[in-house]
Amino acid sequence: MQEHRPASAYTNKTPSVITIGTFDGVHIGHKAILKKLVASAKKDNLDSVLLTFFPHPRMVLQKEASIQMLNTLSEKKALLEQTGLDHLIIHPFTHQFSRLTAVEYVRDILVNKLHAKKIIIGYDHRFGRNRTATISDLKEFGETYGFEVEEISVQELDDVAVSSTKIRNALKEGDVETANNYLGYSYMITGTVVKGKGIGATWNYPTANLQPSDTYKLIPKNGVYITQAKIEADLKYGITSIGTNPTVGGKSRTIETFFLDTDANLYDKPLQLEFLKFIREEETFENVEALKSAIQQDEKVARAYVRTHE
Ligand SMILES: Cc1cc2nc3c(=O)[nH]c(=O)nc-3n(C[C@H](O)[C@H](O)[C@H](O)COP(=O)(O)O)c2cc1C
Ligand SMILES: Nc1ncnc2c1ncn2[C@@H]1O[C@H](COP(=O)(O)OP(=O)(O)O)[C@@H](O)[C@H]1O
C-alpha cells in the first residue's frame with residue numbers, strides 16, 4: 001500500500017476504483033467494503049484507492065475537541081495495510097478544502113488527479129461545499145467524466161454505521177468483548193510509557209503508565225481489564241487499571257498496567273496495549289491494604305483467563 005499526503009502528492013496515472021470515508025476502526029463492516037473495492041480493482045485492472053480526510057472534518061469544522069476516535073491515523077494505516085489496498089490518500093480537511101464546489105472536487109480531484117473509473121460509495125454520501133451534492137449528482141458527473149458509480153445499499157451501510165456506533169458505545173461501557181467482535185481484532189491504545197508516582201513498585205505491583213499518542217483516541221470506561229502487549233518481543237498479559245486512582249487520592253485519569261511475569265524497564269518505550277476483557281469497576285477502597293488485595297484478586301482472575309486462552 002502506498003501512502004499519499006496530500007492528494008496532490010498522488011501522481012499515479014493508472015485508472016482507479018475509489019472509495020471515500022473516515023473508516024474509523026477499520027472494522028468488519030469496513031473490511032467488507034474494502035474487499036469489494038480490492039476485488040473490483042483486480043477484476044477491471046484498476047488501482048484501488050481509499051480517499052480519507054485527516055484531521056476529521058468534524059475536528060475542523062465544528063472544532064470538536066472532544067471527538068473520540070477508534071483509531072489513530074497510524075493504527076488505521078497499519079490496519080489498512082492488511083486489506084490489499086493499493087493507495088491510501090490522506091487529504092488534510094481544511095476550511096479551504098471544505099469550500100470546494102461539488103464539480104471542482106469531482107473534476108479536479110477524483111477525475112483529473114485520481115483518474116476515477118469507478119467509485120464505490122454509500123447511498124447517502126454527500127460532498128462538496130455545504131455537503132449539498134448527493135449520489136445522484138455523482139452519477140450525473142460520472143456520465144460527464146466517464147466513471148461508474150456503485151452504490152452501497154442502505155442495508156450494507158447500516159451494518160457499517162451500526163457497528164461503528166456499537167463499538168464506541170460498547171467501549172464506553174467497558175464491554176471490550178463486544179467491541180472486539182465488531183472490530184475483528186482487539187481494541188488497542190498506542191502510546192509511550194511515562195513516569196507515575198512510583199507507588200506501584202513499593203507494593204510489588206509496578207505499573208507501566210501509558211500516555212496515549214493522540215488526544216482524540218477513545219479511552220474505554222474506567223475500570224480494570226485483562227490486556228496484552230508485546231514487551232521486548234514477547235507477548236505478555238497484564239492487568240490494566242483505567243481511572244483516577246481515588247484510593248491514593250489521584251485526580252487525573254491514568255492507564256496503568258501491571259504485566260504478568262516480566263520485570264522489564266519500560267520507561268519511555270512505545271507500548272501498544274490490547275484490551276481483552278473487563279474485570280471490574282474502579283473502586284475507592286478504605287485503605288491501601290484493601291486496594292492491594294483487590295489487585296491480587298485481579299491478578300488471579302487474569303491468570304485463570306490466561307490458562308484457558310493459551
Ligand atoms: C490491576 C489494578 C487495579 C487497580 N484498581 C484500582 C482501584 O479500583 N481503585 C484505585 O483507586 N486504584 C486502583 N489501581 C491503581 C493504583 O492506585 C495505582 O496503581 C497506584 O496508585 C500506583 O500508581 P503509580 O504507577 O503512580 O505508582 C489499580 C491498579 C492496578 C494495577
Ligand atoms: N511487571 C511489570 N509491569 C509493569 N511495569 C513494570 C514491570 N516490571 C518492571 N516495570 C517497570 O516499572 C515501572 C513502573 O513502576 P512504578 O513504581 O509503578 O512507577 P511509576 O509510578 O513511575 O509508573 C514501569 O514503567 C516499568 O518500567
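The values are calculated or read from the model by the stated rules, or taken from the named source; none is laboratory data. This structure is a prediction, so every number in the text was calculated from the model and none was measured. All Cβ positions, even for glycine, are placed from backbone atoms using ideal geometry, and neighbour counts span all protein chains on display.
Structure notes:
- Taking first residues from the stretch 190-206 that are more than 20 Å from Ala229 (Cβ to Cβ) and partners that are modelled with pLDDT of 95 or more and more than 8 Å from ligand 1 (Cβ to nearest atom), the Cβ contacts under 6 Å between residues at least 6 apart in sequence or on separate chains come to Trp203/Lys292.
- Restricting the stretch 102-124 to residues that are of a type in the set (D, E, K, R) and more than 17 Å from Ser40 (Cβ to Cβ) leaves a set whose member that is surrounded by the most Cβ atoms within 10 Å (Cβ to Cβ) is Lys113.
- Only one of Ser66, Ser98 that is more than 18 Å from the chain's Cα centre (by Cα) and of a type in the set (Gly, Ala, Ser): Ser98
- Residues of the stretch 180-205 that turn out to be of a type outside the set (Val, Ile, Thr) and either within 16 Å of ligand 2 (Cβ to nearest atom) or under 29 Å from Thr247 (Cα atoms) (or both), as a count: 12
- Scope the stretch 274-310; condition part of a helix (DSSP H, G or I), more than 10 Å from ligand 1 (Cβ to nearest atom) and either exposed (fewer than 14 other Cβ atoms within 10 Å of the Cβ) or not hydroxyl-bearing (Ser, Thr, Tyr) (or both); matching residues: Glu289, Ser293, Lys300, Arg303, Ala304, Val306, Arg307, Thr308, His309
- Subset of the stretch 197-221 (residues that are surrounded by fewer than 17 Cβ atoms within 10 Å (Cβ to Cβ), within 14 Å of ligand 1 (Cβ to nearest atom) and under 16 Å from Thr254 (Cβ atoms)): Lys197, Gly198, Ile199, Ala201, Trp203, Gln211
- Test for Gly128: is it at pLDDT below 95, on the phi > 0 side of the Ramachandran plot and in contact with a Leu (Cβ under 7 Å, 6 or more places away or on another chain): yes
- For the stretch 75-83, the count of residues that are under 17 Å from Ala116 (Cβ atoms) and among the small types (Gly, Ala, Ser) is zero.
- Scanning the stretch 171-196 for residues that are among the small types (Gly, Ala, Ser), within 15 Å of ligand 1 (Cβ to nearest atom) and farther than 29 Å from Lys63 by Cα yields a single hit, Gly196.
- When the residues of the stretch 163-173 are filtered to those that are farther than 30 Å from Leu266 by Cβ and in contact (Cβ under 8 Å) with a residue 12 or more places away in the chain, the one that is surrounded by the most Cβ atoms within 10 Å (Cβ to Cβ) is Ser163.
For (1) touching a residue at least 60 places away in the same chain (Cβ under 8 Å); (2) outside the structural domain of Thr14 (by TED's automatic domain parsing); (3) among the hydroxyl-bearing types (Ser, Thr, Tyr), each residue gets a yes or a no:
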{"residue": "His125", "(1), (2), (3)": "yes, no, no"}
{"residue": "Asn130", "(1), (2), (3)": "no, no, no"}
{"residue": "Asp137", "(1), (2), (3)": "no, no, no"}
{"residue": "Gly142", "(1), (2), (3)": "no, no, no"}
{"residue": "Val149", "(1), (2), (3)": "no, no, no"}
{"residue": "Ile152", "(1), (2), (3)": "yes, no, no"}
{"residue": "Asp158", "(1), (2), (3)": "no, no, no"}
{"residue": "Asp175", "(1), (2), (3)": "yes, yes, no"}
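- Test: residue in the stretch 279-299 that is within 13 Å of ligand 2 (Cβ to nearest atom), among the small types (Gly, Ala, Ser) and either under 30 Å from His56 (Cβ atoms) or not assigned by TED's automatic domain parsing to the domain that holds Thr72 (or both): no
- Counted as qualifying within the stretch 56-110 are the helices (runs of 4 or more DSSP H) with 3 or more residues that are touching a residue at least 60 places away in the same chain (Cβ under 8 Å) and within 30 Å of Leu171 (Cα to Cα), namely 73-81.
- Count - residues of the stretch 77-108 that are modelled with pLDDT under 95 and of a type in the set (Lys, Arg): 1
- Test: residue in the stretch 7-14 that is outside any strand (DSSP E or B), over 30 Å from Met188 (Cα atoms) and β-branched (Val, Ile, Thr): yes
- For the stretch 247-273, a residue qualifies if it is more than 8 Å from ligand 2 (Cβ to nearest atom) and not in a loop (DSSP other than H, G, I, E, B), and the qualifying residues are Thr247, Val248, Thr254, Ile255, Pro270, Leu271, Gln272, Leu273.
- Filter result (aliphatic (A, V, I, L, M), surrounded by fewer than 22 Cβ atoms within 10 Å (Cβ to Cβ) and more than 11 Å from ligand 2 (Cβ to nearest atom)) within the stretch 222-241: Ala233, Leu235
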